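First up is the structure itself, then whatever we jot down about it.
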């Protein structure tokens with residue numbers, strides 16, 4: 001007498017797994033289903049529907065059959081205001097005046113740094129002002145590990161008279177712009 005082979009009771013597990021996979025496929029198929037109304041005009045007339053490229057879901061399609069011609073315009077969805085600045089508007093940069101002083105060789109020297117940018121191609125400008133007189137000196141900014149350094153900026157010349165001057169470091173690049181708070185520099 002031979003023993004009957006033992007049957008495993010794996011059917012409930014397999015059935016549950018099959019139902020779960022089927023439900024997932026149905027939900028995925030519903031979310032990715034092509035629209036039928038206006039599909040020809042949405043896809044440029046080739047009859048294939050396209051999915052939105054920004055991850056947004058398409059508006060629901062009316063279940064009423066279309067009665068118009070194929071040239072009927074597809075519904076449009078208007079986007080809200082954008083929070084991304086336009087390329088022509090530079091982002092605000094956080095610029096700091098790091099040191100200032102008088103060089104006995106006859107110049108005001110100032111250092112600055114752009115704290116929130118690491119970028120190539122920017123320019124730093126020292127702006128000195130006193131009693132309606134404005135003097136400027138500039139130099140190329142250089143990126144380092146976590147900031148963009150202005151290095152040492154200098155202004156000299158006969159217009160640089162004795163007394164207190166207000167110094168501001170300005171930074172500008174193709175994508176960023178900003179200026180430091182004013183600091184006082186004493187010219188002897």
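In table form, for the structure just shown:
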item: Filtered residues of the stretch 165-188 (kept if exposed (fewer than 11 other Cβ atoms within 10 Å of the Cβ) and in a strand (DSSP E or B)); result: 184
item: Test: residue in the stretch 101-112 that is modelled with pLDDT of 95 or more, more than 24 Å from residue 188 (Cβ to Cβ), surrounded by fewer than 13 Cβ atoms within 10 Å (Cβ to Cβ) and out of contact with any helix residue (DSSP H, G or I) (no Cβ under 8 Å at 6 or more places or on another chain); result: no
item: Matching entry among 146, 161 (being more than 30 Å from the chain's Cα centre (by Cα), in contact (Cβ under 8 Å) with a residue 12 or more places away in the chain, surrounded by fewer than 17 Cβ atoms within 10 Å (Cβ to Cβ) and assigned to a loop (DSSP other than H, G, I, E, B)); result: 161
item: Filter result for residue 156 (exposed (fewer than 11 other Cβ atoms within 10 Å of the Cβ), under 30 Å from residue 188 (Cα atoms) and at pLDDT 95 or above); result: no
item: Residues of the stretch 113-135 that turn out to be assigned to a strand (DSSP E or B) and either within 15 Å of residue 179 (Cβ to Cβ) or at pLDDT below 95 (or both), as a count; result: 10
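The values are calculated or read from the model by the stated rules, or taken from the named source; none is laboratory data. Computed from a predicted model, the values in this text were never measured in an experiment. All Cβ positions, even for glycine, are placed from backbone atoms using ideal geometry, and neighbour counts span all protein chains on display.
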